[in-house]
1. Using only the alpha-carbon atoms of region 128-240 as identical scatterers, what base-10 log of I(q)/I(0) does the Debye formula give at q = 0.15 Å⁻¹?
2. Got a sec? Charge dipole of region 50-107, +1 on Cβ for Lys and Arg, -1 for Asp and Glu; which of T56, V79, I102 is way out at the positive end?
3. From the helices alone, meaning DSSP H stretches of at least four residues, give me the mean residue ellipticity at 222 nm for the chain, per-run term -39500 (n - 2.57), in deg cm²/dmol to the nearest 500.
4. Tell me, in nm to one decimal, what length is gained between A251 and T56 on full extension, where the rule is 0.36 nm per residue of separation less the Cα-Cα distance?
5. Excluding same-chain residues fewer than 8 positions from K121, which lysines have a Cα within less than 29 Å of its Cα?
6. May I ask you to order 113-126, 45-58 by the average number of other C-beta atoms within 10 Å around their residues, highest value first?
7. Give the peptides 174-184, 156-166 in descending order of average Cβ contacts within 10 Å, highest first.
8. How do 2-12, 66-76 rank on mean C-beta neighbours within 10 Å, highest first?
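Just so it is clear, none of the values below were taken in a lab; they were calculated from the coordinates. All values derive from a computational prediction rather than experimental measurement. Using ideal geometry, Cβ is built from the backbone for each residue, glycine included, and neighbour counts are taken over all protein chains shown.
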Amino acid sequence: MTSSAQNTIAAQFRALHKPGNPLVLTNVYDAATASIVASLPNAKAVATASFAIAATEGVYDDDMTKDQNLAAIKKIAAVVVPKNLPLTADLQDGYEDVQDTIRQVIGLGVVGCNIEDVDSKARKLRTLEDAVARVKLAVETAKEAGVPDFAVNARTDVLGHGGSVEDAVERGKAFLAVGANTVFVWGGPSGRGVSRDEVKKLVAAFDGRLNVILRIAEGFLTVAELREIGVARISVGPGLYRIAMNAYKDAAEKLLGA
């Protein structure tokens, strides 16, 4: 694929992020799940989930290497890219060399990515300056590679590290200022989550350019509710992976208990 053709798809992907009419992404984790999603008529784009990819490798999310993640993304891209569907990849923290990481995924046909502001090796939140510089580097590297519309979904984990919504707003606005397409505010692994009122505040602060993770369970905000609030993007992270694994376990238990 030429860089011009790839950027056309990247621009199409960016255009799908409409506050109040959000892009819904059903995150995949291997070629099989990518093939399923890519075949669905309502699928407008495909996104990977690093947690689920790591699980298929038998490692914890933060322990997955760049090579392991890129190997999985390569297999997914082989399914998605020929269909001219936008593919966005969860790149965790971008790894040690953000420029090399972005160049490699662009070489696979990827047109967007997630980059988080936690140092996965040190297991700590990066400073605001460091996090912003890495987002900026990702944006600039994509431009240099001929894909200026490459969409960076900048994730902040500040809420899971004792920070406030105001801290998330500060980081998100800084990410958008250096070229991020959207901001993903993560509620943290302990289940703190992001409340309805907080989502509203974030939508107002980012002019709707917010990615919210949807919990596929009762008692959480629905697609319809998030659409009404005005978010631009909805993802499910490892949600579908967990549903699939629970179904697999149930089927295996029934078979072994027969």
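1. One equal scatterer on each Cα of region 128-240 leads to -0.64.
2. It is V79, whose Cα lies furthest towards the positive end.
3. Working: 10 runs with 119 residues, N = 258.
Per the formula, -14500 deg cm²/dmol.
4. Values: separation 195, 0.36 × 195 = 70.20 nm, distance 1.86 nm.
Length difference between fully extended and current span is 68.3 nm.
5. K66, K74, K75, K136, K143, K173
6. On the way: 113-126: 18.8, 45-58: 22.4.
With the highest mean Cβ count within 10 Å placed first, the list reads 45-58, 113-126.
7. Numbers: 174-184: 21.8, 156-166: 17.6.
Sorting 174-184, 156-166 by mean packing, highest first, produces 174-184, 156-166.
8. Numbers: 2-12: 16.2, 66-76: 18.6.
So the peptides 2-12, 66-76, ranked by packing, come out 66-76, 2-12.
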